[in-house]
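**Student:** Here you go, one structure.
The values are calculated or read from the model by the stated rules, or taken from the named source; none is laboratory data. From a predicted model like this one, the values you see are computed outputs, not experimental measurements. Heads up, the Cβs are rebuilt from the backbone with ideal geometry, glycines too, and the neighbour counts pull from every protein chain shown.
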């Protein structure tokens with residue numbers, strides 16, 4: 001995990017952050033009838049992390065997970081921002097992520113169940129006047145670029161929100 005992300009993650013339990021629009025390259029995981037757990041996603045995360053490890057740029061994007069749900073199905077995209085270098089493996093696809101505002105928190109292996117943390121985030125955003133936005137995705141997650149995808153690695157949980165205007 002980079003020092004900046006670690007410090008920001010320790011500054012507050014939940015915070016509102018923004019992400020710029022960017023193009024991700026990666027893979028989709030698709031499931032029927034349930035949200036994926038880390039065991040479902042590990043092979044896909046590991047494959048994208050292995051690709052990320054081959055890149056030689058100075059800055060490496062975190063692995064970005066995008067969760068979309070529909071009645072009876074669920075899909076999860078995991079990818080990286082390639083910047084100006086669009087060479088990707090033949091089985092990878094692109095995902096254009098728009099600019100987003102999100103409620104976020106770092107989640108580590110000792111922080112309990114991911115679903116419980118998401119429920120607490122939902123309570124927090126409502127209590128602070130934000131509204132969850134599922135126009136693009138229900139959840140966004142960010143993993144350090146050097147993650148192995150296991151349940152022992154920390155990652156950032158995020159819920160897209162509508163901008164709050166005073």
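**Student:** Say we look at the range 11-32 and pick out the residues that are touching a strand residue (DSSP E or B) at 6+ places or on another chain (Cβ under 7 Å) and not in a strand (DSSP E or B); which of these is surrounded by the most Cβ atoms within 10 Å (Cβ to Cβ)?
**Tutor:** Out of the qualifying residues, it is 14.
**Student:** Anything in the range 49-71 that is in a helix (DSSP H, G or I) and without any contact (Cβ under 8 Å) to a residue 40 or more places away in the chain? List them, or say none.
**Tutor:** Within the range 49-71, 50, 54 meet the criteria.
**Student:** Further question on the same structure: Only one of (1) within 22 Å of residue 37 (Cα to Cα); (2) buried (at least 19 other Cβ atoms within 10 Å of the Cβ); (3) more than 11 Å from the chain's Cα centre (by Cα) fails for residue 141. Which number is that?
**Tutor:** Here residue 141 meets the rest and fails (3).
**Student:** If I ask for residues that are touching a helix residue (DSSP H, G or I) at 6+ places or on another chain (Cβ under 7 Å) and part of a loop (DSSP other than H, G, I, E, B), which ones from the range 72-91 would you list?
**Tutor:** 89
**Student:** Here's another thing I want to ask about it. I'd like the residue in the range 36-51 that is at pLDDT below 85 and more than 14 Å from the chain's Cα centre (by Cα) and, out of all such residues, is surrounded by the most Cβ atoms within 10 Å (Cβ to Cβ).
**Tutor:** Selected residue: 40.
**Student:** Just to verify a result, which residue in the range 144-157, among those that are under 13 Å from the mean Cα position of the chain (by Cα) and more than 22 Å from residue 20 (Cα to Cα), is surrounded by the most Cβ atoms within 10 Å (Cβ to Cβ)?
**Tutor:** 149
**Student:** For the range 36-48, enumerate the residues that are outside any helix (DSSP H, G or I) and out of contact with any strand residue (DSSP E or B) (no Cβ under 6 Å at 6 or more places or on another chain).
**Tutor:** 37
**Student:** Filter the range 104-130 down to residues that are over 18 Å from the mean Cα position of the chain (by Cα) and assigned to a helix (DSSP H, G or I) and give me whichever is farthest from residue 158 (Cα to Cα).
**Tutor:** 127
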